[in-house]
1. Taking segment 34-62, which residues are under 15 Å from residue 96 (Cα atoms) and assigned to a loop (DSSP other than H, G, I, E, B)?
2. Report whether or not residue 107 is more than 24 Å from residue 47 (Cα to Cα) and surrounded by fewer than 21 Cβ atoms within 10 Å (Cβ to Cβ).
3. Quick one: which of 23, 48, 15 is β-branched (Val, Ile, Thr), under 30 Å from residue 75 (Cβ atoms) and modelled with pLDDT under 90?
4. Could you pull out the residue among 89, 81, 53, 45 that is under 22 Å from residue 139 (Cβ atoms), charged (D, E, K, R) and in contact with a Ser or Thr (Cβ under 8 Å, 6 or more places away or on another chain)?
5. Would you please list the contacts, defined by Cβ atoms under 7 Å and residues six or more apart or on different chains, that run from a residue in segment 111-139 that is more than 21 Å from residue 45 (Cβ to Cβ) to a residue that is at pLDDT 90 or above and exposed (fewer than 13 other Cβ atoms within 10 Å of the Cβ)?
6. Here are 54, 113, 47: which of them is over 14 Å from the mean Cα position of the chain (by Cα) and within 19 Å of residue 28 (Cα to Cα)?
7. Looking for something touching a Lys or Arg at 6+ places or on another chain (Cβ under 9 Å), in a loop (DSSP other than H, G, I, E, B) and not charged (D, E, K, R) - is there at least one such residue anywhere in segment 66-77?
8. Among 118, 87, which is the only one that is within 24 Å of residue 39 (Cα to Cα), under 16 Å from the mean Cα position of the chain (by Cα) and either surrounded by fewer than 21 Cβ atoms within 10 Å (Cβ to Cβ) or modelled with pLDDT of 90 or more (or both)?
Amino acid sequence: MHLDTGSCQSPTSVTADTLSAPTRPESLSCSFTLPATPRSPGIARAATRTVLRAHDLAEVTDAAVQVVGELAACACLFSPRAELYVSLRYRYDALRVTLYDGHPPHADARLGAICVLSRRVSLRVLDGVVRDCRGDWGIGGDREPCGGTRMWAVLPRAGACGYPGERSPHE
């Protein structure tokens, strides 16, 4: 395979300093789609690490990578479709992680409640991480345009910076 790099010249002059300089956290707005396969949670974690480092948010990496991995694993478990969608945003001093999978809503309300409960049970580790970071998380809310299920977590920077923090013996 030959890649012709000469035909795609950048209209701006980019220096090595520009490429290595971190971007402001507030500019973080990154989305990507992954196959719903067992390898995808690892890929999502690696991509999250890279994106956070590039946006000067390395101190929230431990918590964020755990959250992204848990959400991606849950999505892969429940999604009947071939893809899942991951979104990372940083707004109002908090990292917002959103993940859509292809699991459609249930017509029967009881089946829907059982399905959400099954997801919540599978996200016990995520619940602990988000609680340690003094954040919030949920399932549902805005729907993907093509149907599917939305899962999300909000990690305040101050809380995520201290993760994993020291725990008292009573926790």
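The values are calculated or read from the model by the stated rules, or taken from the named source; none is laboratory data. Nothing here was measured: the structure is a model prediction, and the numbers come from that model. So basically every Cβ, Gly included, is an ideal-geometry build from the backbone, and we count neighbours across all protein chains shown.
1. If the condition is that a residue be under 15 Å from residue 96 (Cα atoms) and assigned to a loop (DSSP other than H, G, I, E, B), then 55, 57 are the ones that fit.
2. Values: more than 24 Å from residue 47 (Cα to Cα): yes; surrounded by fewer than 21 Cβ atoms within 10 Å (Cβ to Cβ): yes.
The answer is yes for residue 107.
3. Details: 48 fails: modelled with pLDDT under 90; 15 fails: under 30 Å from residue 75 (Cβ atoms).
Result: 23 is the single residue among 23, 48, 15 that is β-branched (Val, Ile, Thr), under 30 Å from residue 75 (Cβ atoms) and modelled with pLDDT under 90.
4. Only one candidate qualifies: 89.
5. none
6. Details: 113 fails: within 19 Å of residue 28 (Cα to Cα); 47 fails: over 14 Å from the mean Cα position of the chain (by Cα).
Going through 54, 113, 47 in turn, just one is over 14 Å from the mean Cα position of the chain (by Cα) and within 19 Å of residue 28 (Cα to Cα): 54.
7. No.
8. Working: 118 fails: under 16 Å from the mean Cα position of the chain (by Cα).
From the options 118, 87, the qualifying one is 87.
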